[in-house]
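Have a look at the structure below before the remarks.
Derivation of every value follows stated rules applied to the coordinates shown; laboratory data play no part. Keep in mind that what you see is a predicted model, and the values were worked out from it rather than measured. No Cβ is skipped: glycine too gets one built from the backbone with ideal geometry, and neighbour counts run over all protein chains shown.
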Amino acid sequence: MALNVNENTHPVPDDVAADIVARVATAIGGVNRYPDREFTELRESLAHYLGHGLTPENIWAANGSNEVIQQILQAFGGPGRSLLGFTPTYSMYPLLASGTGTVWLAGARDAEFELSPETAVAEITRLDPDIVILCAPNNPTGTPLSLETIAAAYDAARGMVVVDEAYAEFMPEGEPSALTLLPGRPRLLVSRTMSKAFAFAGARVGYLAADPAAVDALRLVRLPYHLSALTQAAAVGALAHSDEMLGMVGEIRVQRDRLVRELAGLGYRPHRSGSNFVLFGGVADPHATFEALLAQGVLIRDVGIPGHLRVTAGTEAETTAFLTALASLG
Ligand code: PMP
């Protein structure tokens, strides 16, 4: 049972899968030709899905949001430039920085892994980065980020500010996204993915909303035809059924909140989470606990934070199996 990489553990519903297969079959008919390099229909579908008055000119997509972030660093980072993130945060940021020759700068969070507007501004002023990346909610801690912090970071930064909203759909309903901050902020880029709430991790689709000029900068660094015709067809199909694709999000939030409650009941210290996973402290020996759970068939994640482990909220049965296995360790 894999609860280690924050996937949506519910499969794509059968009727949606059938429609996606039909669309991919049609795309196969034209696969002797290169795909639409502007992935026009996908950008239209994504703009429609995101709302907020966004148009296809505001949208970019790639093979997962890792590739989107890599392209951002290729376009705006590189040798002699720097990227600031607030640690602990998503472990790919320093790797993508290093792969593009960008200097990684680690800013601080408070002891509960929160990031206040004051701390964000102080760290940006201290480290003077070319690019800032804010993970909202933050992986691996689950911590939501306020729009006040994002707006303050934007005002303090001199370059691009990326908000990685990979887990946005798991935020409490009605919680505003950084998308609401886009008007009038041409240096703001909001990255998202279909890998998490959308249950589409294997299809590899990430995307971005930003000012059209920022999108144009990504056009200069992408490889020609980077999104296959099959990927485009599958993603457009999934987005045509977004309500159904996101149908399990409410249930996943229930399991996430249950994890927080029951982990506390077992004597651990779960952190508040706006995502589909929970980081919990109070683990005497994370490596030993990780191994003991694995021996019972439950794979979670040792994220390298002393005294902590991270677990993905799965189905009700998976969450029960994890909690039962953990409780059995005594
Ligand atoms: N950002 C964050 C914060 C993530 O946790 C992940 C996946 N673990 C990604 C981006 C990348 O996801 P993908 O490339 O599948 O879109």
Using a Gaussian network model of the chain with C-alpha springs under 10 Å, which one of 314, 250, 142 is most mobile by mean-square fluctuation? 250
Lys, Arg +1 and Asp, Glu -1 on Cβ, resulting dipole of the chain about Cα centre, debye, nearest 20: 660
Kirkwood Rh, Cα atoms: Rg over Rh of the chain: 0.97
Reciprocal mean inverse distance between Cα atoms of the range 169-218 - Kirkwood radius, Å: 12.3
For the range 202-266 and the range 34-57, write down the distance between their C-alpha centroids in whole Å. 14
Checked the range 263-330 with the C-alpha gyration tensor, a ≥ b ≥ c its square-rooted eigenvalues, rounded below a/c of 1.5, otherwise prolate if a/b is larger than b/c and oblate if not; verdict rounded
Which ordering of 40, 9, 89, 315 is given by a fewest-first count of other beta-carbon atoms within 10 Å? 40, 315, 9, 89
Hey, if you put +1 on the Cβ of every Lys and Arg and -1 on every Asp and Glu Cβ in the range 131-248, which of 210, 240, 225 ends up farthest toward the positive end of that dipole? 225
Using the Cα gyration tensor of the range 56-180, the equivalent ellipsoid's semi-axes, largest first and to the nearest Å, work out to 20, 18, 14
